[in-house]
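Values in this text are rule-based calculations from the coordinates and carry no lab data. Predicted model only: the values in this text are computed from it and were never measured. Every residue, glycine as well, gets a Cβ built from its backbone with ideal geometry; the counts of neighbours run over all protein chains shown.
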Amino acid sequence: MLRSLYAGVSGLKNHQTKMDVVGNNIANVNTIGFKSSRVTFQDIYSQTLAPASAPTTDFGGTNPQQVGLGVALGSIDVMQTRAAIEYTGAPLDLSIDGDGFFVVKDGNRELYTRAGNFFLDSNSNLVTSGGLMVQGQIPPGALGNITIGQNYYNIAVTRNGDVIGINSTTEAKETIATIAVANFNNQGGLEKLGESLYSASQNSGPAVVNLPGANGAPFLNPSSLEMSNVDLAKEFTDMIITQRGFQANSRVITTSDQLLEELVNLKR
């Protein structure tokens, strides 16, 4: 069979994967805290028809003769770039002003998110929209679930992550807890889980948990949410490029098929 036939098939397959990623980015253009992904390609190893030769006193050297065998998926990278911040006015809406993630817990499993649309459940726990417990520094200094007593009202969060409220008994403003943020040596190594959640992987490194503004950790933006970082102009451009790449590889396959048909028809 012609090598070009298999090269075209690899092109179709990998351009379809790129279109899947572009489609997912566009679908999440309005998902808070969403980070878009990009696809990179790399060539497959080449078949050597003739190796290179060194020059001699009588003849010059020759370059290798190689035929490429198609394209492979190089990477699917999550782009951890900044996105626009929308002011909502809701006291428990938060966004991170820099690199970092909110720490949440699903049972005993620690997860991470950029989506800060938090609220209080019926037990006064600070939770995500999916019901996961938001983690913070609880006096006298332990990391755990943030629970706000029933005797507090006018709950708000400061730039430093302090969850404050007015004690209904003393009418004094008190700091109930401080929301924690986590950083990683390699944010791109985090694994997407859906619902705007990430988990640490073997290549992300362990989470380094700090309080906002401490030890280089970012501050928070109260009463605001981080939007998706999807750039529609770029995504539609990538869609056009991917479509043309798919069409070109389809043409390679049909042309290779025509060549094979001519070979079959040599003997009639």
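Looking at the chain, what % of the alpha carbon pairs are farther apart than 25 Å? Walk me through the intermediate numbers first.
Working: 21155 of 35778 pairs.
Value for the chain (Cα pairs over 25 Å): 59 percent.
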Treating the angle as unsigned and between 0 and 90°, give the value, to the nearest 10°, between the Cα long axis of helix 232-264 and the longest Cα principal axis of the chain.
-> 30
Tell me the label-point distance for the pair residue 38, residue 124, using the 7 Å Cα-to-Cβ offset, in nm and rounded to one decimal.
-> 4.8
What is the Cα centroid distance between the range 227-245 and the range 94-113, reported in whole angstrom?
-> 28
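Rounded if a/c is under 1.5, else prolate if a/b beats b/c, else oblate: with a ≥ b ≥ c from the C-alpha gyration tensor eigenvalues square-rooted, which is the range 116-268?
Values: a/c = 3.88, a/b = 3.34, b/c = 1.16.
The shape class here is prolate.
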Scan the chain and hand back the longest stretch that contains none of the chymotrypsin sites (Phe, Trp or Tyr not before Pro) lying in DSSP loops with at most 10 other Cβ atoms within 10 Å.
-> 60-268
Rounded, prolate or oblate: which fits the range 110-194, taking a ≥ b ≥ c as square roots of the Cα gyration tensor eigenvalues, rounded meaning a/c under 1.5, else prolate when a/b beats b/c?
-> prolate
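With a Förster radius of 41 Å, plug the Cβ-Cβ distance of residue 2 and residue 239 into 1/(1 + (r/R0)^6) and report the FRET value to the nearest 0.05. Each step should come with its number before you reach the end.
On the way: r = 30 Å, r/R0 = 0.72.
Efficiency computed from Cβ-Cβ geometry: 0.85.
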The answer for the per residue Cα convex hull volume of the range 5-104, in Å³, is 176
Pick from 200, 172, 217: which is most flexible by mean-square fluctuation in a GNM of the chain where alpha carbon atoms under 10 Å apart are linked?
-> 172
Folded to 0 to 90 degrees: helix 3-27 orientation relative to the chain principal axis, Cα = 20
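Run the numbers for residue 261 and residue 231: contour at 0.36 nm per residue of separation, minus the present Cα-Cα distance, in nm.
Numbers: separation 30, 0.36 × 30 = 10.80 nm, distance 4.49 nm.
My answer for the length gained is 6.3 nm.
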May I ask for the net charge around residue 130, where only other residues with Cβ less than 9 Å from the Cβ of residue 130 are counted and Lys, Arg are +1 while Asp, Glu are -1?
-> -2
Expected sort for 65-71, 140-146 on mean C-beta neighbours within 10 Å, highest first, is 65-71, 140-146
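In deg cm²/dmol and to the nearest 500, what is the mean residue ellipticity at 222 nm of the chain if only DSSP H runs of at least 4 residues count, each as -39500 (n - 2.57), divided by the residue total? Intermediate results must be reported in sequence, preceding the final value.
Working: 2 runs with 58 residues, N = 268.
Per the formula, -8000 deg cm²/dmol.
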Between residue 85 and residue 26, what length comes free when the chain is fully extended (0.36 nm per residue of separation minus the Cα-Cα distance, one decimal in nm)?
-> 19.4 nm
Local electrostatic count, residue 85, Cβ distance below 12 Å [Lys/Arg +1, Asp/Glu -1] = -2
Report the local net charge at residue 26: Lys and Arg +1, Asp and Glu -1, summed over other residues whose C-beta lies under 12 Å from its C-beta.
-> -3
